[in-house]
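Colleague: This is the structure, below, for whatever I ask next.
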Amino acid sequence: MTTTGFEPARFKATQRANWNAMSGGWLSWQDKFERGATPVSEHLIALAGLRQGHRVLDVGTGVGEPALTAARVVGPTGHVTAIDLAEDMVAIATERAARLDDTAAPVEVRQGDVETLDLPAGSYDAVLSRWGLMFAVDHIAAFRAVAAVLRPGGTLAASVWGEPAEAPMVSRGFRVLAQRLDLPKPPPGEPNPYSMADREQTELELRAAGFTDVEVTDFTAPFWLADADEYVEFYRKCSPPALLGMIEQRYGSADDPGTWTAIAESIADLRATDGTIRLPSRTRVIRARR
């Protein structure tokens, strides 16, 4: 899929800058995010059939998942490579990988772009990606690059977001911000968190890239928060600085109470009887073989 209507190089530069700026926030929020994300990692690892000695590539690893989980599964005779577009994410993931004990595989973390992987052909048993592939500018180019580094018969197991209404963890708060800030719609073809939500289109792109045995199914990530304040904290810590700057410009302060109250209220209907906020979020799961 060749995208039009925007500048790919500028988009990637912005993505890189944003994820670098958000890296500290994502690290501080990692434990809470993993309440819902860890089951997704475990599901991907099961779909990939990882076992001791396997070589694994994690695309868009962020602060290190599912690379670190995979390293524990494939063990010291295996190997994990993890890539991310943002250098600050790479630095954090590298530091976390260094703390793994000797029962885990060595993890090499490097800066990289999925569409232009600089890795040996046919060198991995599996490629994993948790909510990273949908930001590729050219989906087919990204899938071809992944296929090239897999051994024959190797497996891609990845998660991408479904429709926004199905994923309240990442969509409710942003919908509030989009309304309060009058955010324009992105240019046609610009990647976004939901750009692989269409199962049929994603399957066609995978097959065009040379994959077979393609399956695109659904899995629910069981996110939950202690209270609405944690949801507000998520958006404060894990939003691009430019977005927070727009709140300040529009309302006089990044701490504008109207904005953060509206975000808290956006998930009020998801409060459980025990007071926790339940945000089960549907994700598309891709499994395909080279």
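Colleague: May I ask you to list the residues in the range 116-133 that are buried (at least 18 other Cβ atoms within 10 Å of the Cβ) and either at pLDDT below 95 or in a strand (DSSP E or B) (or both)?
Modeller: Hits for the range 116-133 are Leu117, Tyr124, Asp125, Ala126, Val127, Leu128, Ser129, Arg130.
Colleague: In this structure, is Ala48 of a type in the set (Gly, Ala, Ser) and touching a residue at least 60 places away in the same chain (Cβ under 8 Å)?
Modeller: yes
Colleague: If you go through the range 252-275 one residue at a time, how many are farther than 23 Å from Ala167 by Cβ and open to solvent by less than 70 Å² (accessible area, probe 1.4 Å)?
Modeller: The number of residues fulfilling the criteria is 5.
Colleague: Scanning for something over 28 Å from Ser239 (Cα atoms), touching a helix residue (DSSP H, G or I) at 6+ places or on another chain (Cβ under 8 Å) and among the polar types (S, T, N, Q), does the range 167-184 turn up at least one residue?
Modeller: no
Colleague: Restricting to the range 134-155, count the residues that are part of a helix (DSSP H, G or I) and surrounded by 20 or more Cβ atoms within 10 Å (Cβ to Cβ).
Modeller: Count: 9.
Colleague: Right, next: Being open to solvent by 20 Å² or more (accessible area, probe 1.4 Å) and in contact with a Leu (Cβ under 7 Å, 6 or more places away or on another chain) is the filter here; which residues of the range 192-242 pass it?
Modeller: Trp224
Colleague: Can you work out which of the residues in the range 51-64 that are more than 19 Å from Leu117 (Cβ to Cβ), open to solvent by 20 Å² or more (accessible area, probe 1.4 Å) and not small (Gly, Ala, Ser) is nearest to the chain's Cα centre (by Cα)?
Modeller: This residue is Arg51.
Colleague: State all residues of the range 63-98 that are touching a strand residue (DSSP E or B) at 6+ places or on another chain (Cβ under 9 Å), part of a loop (DSSP other than H, G, I, E, B) and more than 22 Å from Asp218 (Cβ to Cβ); if no residue qualifies, say none.
Modeller: If the condition is that a residue be touching a strand residue (DSSP E or B) at 6+ places or on another chain (Cβ under 9 Å), part of a loop (DSSP other than H, G, I, E, B) and more than 22 Å from Asp218 (Cβ to Cβ), then Val63, Gly64, Gly78, Leu85, Ala86, Ala98 are the ones that fit.
The values are calculated or read from the model by the stated rules, or taken from the named source; none is laboratory data. Just so it is clear, the structure is predicted and the values come from calculations on it, not from any experiment. All Cβ positions, even for glycine, are placed from backbone atoms using ideal geometry, and neighbour counts span all protein chains on display. For the accessible areas, the whole protein counts, side chains as well, though only heavy atoms, and no ligand, DNA or RNA atoms are used. Shrake-Rupley method; radii C 1.70, N 1.55, O 1.52, S 1.80 Å.
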